[in-house]
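One structure is given below, encoded as structure tokens.
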Amino acid sequence: MKKFLKILAVVVVVIVIAFYFLVIPKTVNMVTDYDRHTFEYVISDSAVLANYAIGEARGPADYGFPDFEEIDFETLFDGLNLNGWYVPSSKPEVSKTLIISHGRTSNRLKAMKYLEIVKVKGLDSLYNVFIPDLRNSGKSDEAKTGMGYEFAEDITASMKMLKDTYQQNEFVLWGFSMGAMASATAINRPDLVELQENEGLKVSKLILASPLSNIRETARLAGADMGIPYFIFKASWKGFDKVIDGWSENMKFSYLLSNKKVPALVLYGDGDATTPAPILEAEIDGLMNVYPILFKGADHVQIYTQPEFKNRYADRVDGFLRMD
């Protein structure tokens, strides 16, 4: 009996060790690691290219902006190389810039189609535009990401670069999916807020499209759909929370958009399985600075690409960007 108990104890210890040193790191890596979408990867895969909905377009010139510049710059804290397109305003001395940020497993090619709205609506007379490849995307360096935590650093690095290079100091952050969470996080993370204040950088509005609105709840539901038991999710989430400096409980719109009451236009569809509408609606319920626009049946980051939604989407963005 004693021998059996010793063997049982050893087995239990081995299982516990395996759980903490194999299972938890594996599930954390499922969040932080994903394949980098380079330009070459997107252009060479017809299915991915169709999902990007850019046709033959490959840069801002294809949307009527031949005077764009491609910019190399660095992250704030970890020395990664980033890259992006700067599209100057059609009028001189415009100091406002619209930063359009893609989401996870994406790059700036997917975000550039919204330059069509800028051109058609004449918004280029009011704003410069910057479209970055955030880390692990496009022409920027490979890196781990934390559901928008590090993307927020890259958006802030974009603002600082735009001030240093082009004397821009006021910004509208327009983000998609994880880029939307990153945009809201950028104006709330204390270290990034301090940097923005010291540099004289101001974010006056947010546009949050198909947004990731609560990272823990969205990950929990995704884990449940994958059959991951809740006790594994809970332990893994504690590991992930350490990766993002214990900030996961703040990465939800009910905190981010109420803590900094910046006007926020939220564009979403109730056919979105990636960032489910019920999670978003619960997060923004009762927030007076948030303007939610629902597109019935629309899928994740596909609203503008649908003919039945295109004009309404463009009109809402135009009206919001012109609003005092």
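The values are calculated or read from the model by the stated rules, or taken from the named source; none is laboratory data. This is a predicted model, so every value here is computed, not measured. Note: ideal-geometry Cβ built from the backbone for every residue, glycine included; neighbour counts use all protein chains shown. Surface areas here come from the heavy atoms of the whole protein model, side chains and all, with no ligands, DNA or RNA. Shrake-Rupley method; radii C 1.70, N 1.55, O 1.52, S 1.80 Å.
Structure data summary
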| item | result |
| --- | --- |
| Residue among Gly148, Gly103, Gly175 that alone is within 23 Å of Lys261 (Cβ to Cβ) and touching a strand residue (DSSP E or B) at 6+ places or on another chain (Cβ under 7 Å) | Gly175 |
| Candidate set from segment 269-278 (those that are open to solvent by less than 20 Å² (accessible area, probe 1.4 Å) and in contact with a strand residue (DSSP E or B) (Cβ under 7 Å, 6 or more places away or on another chain)); member that is nearest to Asn188 (Cα to Cα) | Ala277 |
| Number of the condition not met by Leu208 [criteria: (1) over 30 Å from Thr305 (Cα atoms); (2) not in a helix (DSSP H, G or I)] | (1) |
| Number of the condition not met by Leu109 [criteria: (1) more than 20 Å from Tyr166 (Cα to Cα); (2) at pLDDT below 95] | (2) |
| Unique match (being of a type in the set (Val, Ile, Thr), under 30 Å from Tyr52 (Cα atoms), free of Cβ contacts under 8 Å to residues at least 40 places away in the same chain and crowded, with 18+ Cβ neighbours inside 10 Å) among Val290, Val266 | Val290 |
| The lone exception for Tyr268 - which of (1) of a type outside the set (D, E, K, R); (2) outside any helix (DSSP H, G or I); (3) closer than 17 Å to Val172 by Cα it fails | (3) |
| Ser258 vs. criteria buried (at least 20 other Cβ atoms within 10 Å of the Cβ) and either modelled with pLDDT under 95 or under 23 Å from Gly146 (Cα atoms) (or both) | no |
| Wholly enclosed strands (runs of 3 or more DSSP E) of segment 31-142 bearing at least 3 residues buried (at least 22 other Cβ atoms within 10 Å of the Cβ) | 81-87, 96-101, 128-133 |
| All positions within segment 211-243 that are over 20 Å from the mean Cα position of the chain (by Cα), outside any helix (DSSP H, G or I) and within 30 Å of Gln302 (Cα to Cα) | Met226, Gly227, Ile228 |
| Filter result (more than 8 Å from the chain's Cα centre (by Cα) and either surrounded by 24 or more Cβ atoms within 10 Å (Cβ to Cβ) or in a loop (DSSP other than H, G, I, E, B) (or both)) within segment 176-198 | Ala184, Thr185, Ala186, Ile187, Asn188, Arg189 |
| Only one of Asp315, Asp285, Asp299, Asp245 that is on the phi > 0 side of the Ramachandran plot and open to solvent by 70 Å² or more (accessible area, probe 1.4 Å) | Asp245 |
| Residue tally, condition aliphatic (A, V, I, L, M) and under 30 Å from Asp315 (Cβ atoms), over segment 180-233 | 13 |
| Segment 18-46 - residue that is among the aliphatic types (A, V, I, L, M) and within 29 Å of Arg220 (Cβ to Cβ) and, of those, modelled with the highest pLDDT | Val31 |
